[in-house]
Structures are given as structure tokens and as C-alpha cells.
Amino acid sequence: MKKIIIMIITILAGTTMAMANLYVDGLFMLNDAGDAKTQSGFGLKIATSIREDINIFFRQTYSSTTEDPNTINEIEYMQIQGLLGGEYVYCIQQFPVAITLSAAAGVSRTEVDPKNDTLGIKHLGETGIGYGFWLGGQWLLTQWVTPFIEIGYSKSMYTTDFKNASIGGLQFLAGIRFTVWGKNKSLSDDYE
């Protein structure tokens, strides 16, 4: 009986995965991290469709900036986020364009690292909870390549080193989505 149940689950999961699109996004970002300054960075997002207009995703981003570089007052700010979320994709009829709305939550790490300890500032670093939401646009360039932009808000919450700090703000993301499995709409569908 166990073998039959495992076989049925395997067949259903395989069929579902065969119909789902799998996406990989490479992105660049500007990240307003509040008290951790405005940072620039990059990221990778892996997404899969659960319906034609709904995707689930995991996004890993890294951003940093250096204040007063190459001086005695040099301070490096860094943030890493790993967020799991959902994305709604609304395709505009008769145009190869889509509007996206997404939200995610997960783990966030922020660090402040002074290069010289004479400033009276010590190294601070903490891992906490992060969340965010974004609104964006996609241009379905081909069935497998989709440039996109997103703007949104991200917030990180901490309990020790950054308990009283405001770590969060606007994020601007721009990148390219590659459809690894499946395909976007045919360029002749719904665009006429």
C-alpha cells in the first residue's frame, strides 16, 4: 500500500512540475536600509508558477556601501536578505507587458563595520526577520527572456544591536528573468 501511495504522489508531483514554469531572475538593486544607509547590490530569485498568474519565489539579495572610504572614518554597511514569498502577475491584453505585485518575508542580516575602532563605534551585526512588498513591470521580450523593474518597501526587525534603529526603506530592483522550464506566452498570443 505504501508503494502505491508513493507512486501516486510521485506521478502527481511530476505532472504538476511538468506544467509549471520555472524562472531564475538576476537583479541589481538600490536598497534604502534606513540607519544602515542607502546601499547598492545584487540578487538572485528563483520562482515557480503555481497558477498561470501566481508564482512562489525565494529571493536572496546582498547590498553594501562604504561611508568615507579610504579615510580614518571609513564605515562599511552591509545587508543580506533571504525572503520567501508570492507574486501575482497580471498580463496586459494585447501587449507583451505584465504588472507584478509581490510580498515576501524571511531572514535579514545587517552589519555595520567601522574600519578603525578609534571612532567609538564597535562592529555591529545581527540576524532578524525581514519582510517587504513590491510593485513592478515586466516586458515579455521573448518566451524565455523578460526584463523587469520593481519598486517597493523592505523592513528588517531586530532585538539586540539594532533594536532602536530603523532598518528599512524603499528598494528599487531591475533585472532580467530567464524562463528555465516552460515558457512565457507566445509572442502571437493576446497581443493582436
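Just so you know, all these numbers are worked out from the coordinates, no wet-lab data involved. Please read these numbers as outputs of a predicted model, since none were measured by experiment. With ideal geometry, Cβ positions are generated from the backbone for all residues, glycine too; neighbour counts draw on all protein chains shown.
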Under the Karplus relation with 6.51, -1.76 and 1.60 and θ = phi - 60°, whole-Hz ³J(HN,Hα) for segment 39-54, x at Gly and Pro, equal 10, 10, x, 8, x, 9, 10, 10, 9, 9, 7, 10, 9, 4, 10, 10
Computed ³J(HN,Hα) along segment 122-137: with the Karplus parameters 6.51/-1.76/1.60, θ = phi - 60°, integer Hz and x for glycine or proline, the list is 9, 5, 10, x, 8, 9, x, 9, x, 8, x, 8, 9, 10, x, x
Stretched fully, the stretch from residue 101 through residue 32 gains (0.36 nm per residue minus C-alpha distance, one decimal, in nm) 22.9 nm
Applied in sequence order to segment 73-87, the curve 6.51 cos²θ - 1.76 cosθ + 1.60 (Karplus, θ = phi - 60°) yields integer Hz couplings, x standing for Gly and Pro, of 9, 4, 9, 9, 10, 8, 9, 10, 10, x, 10, 10, x, x, 9
Treating only Lys and Arg (+1) and Asp and Glu (-1) as charged, each at its beta carbon, one finds that segment 66-161 has a dipole about its Cα centre, in Debye to the nearest 20, of 420 debye
Note: residue 133 to residue 40 extended length (0.36 nm per residue) minus current alpha-carbon separation gives 31.7 nm
Charge dipole of segment 40-192 built from unit charges on the beta carbon (Lys, Arg +1; Asp, Glu -1), centred at mean Cα; most positive-end Cα among 88, 114, 164 is 88
Among 79, 38, 132, the residue whose Cα sits farthest towards the positive end of the charge dipole of segment 19-178 (+1 at Cβ of Lys and Arg, -1 at Cβ of Asp and Glu, taken about the Cα centre) is 132
Amide H neighbours of residue 140 at under 5 Å, excluding residues fewer than 5 places away on the same chain, with H built from the backbone geometry, are 97, 98
Once both label points are put 7 Å beyond Cα along the C-beta direction, the residue 73-residue 123 separation in nm becomes 2.3 nm
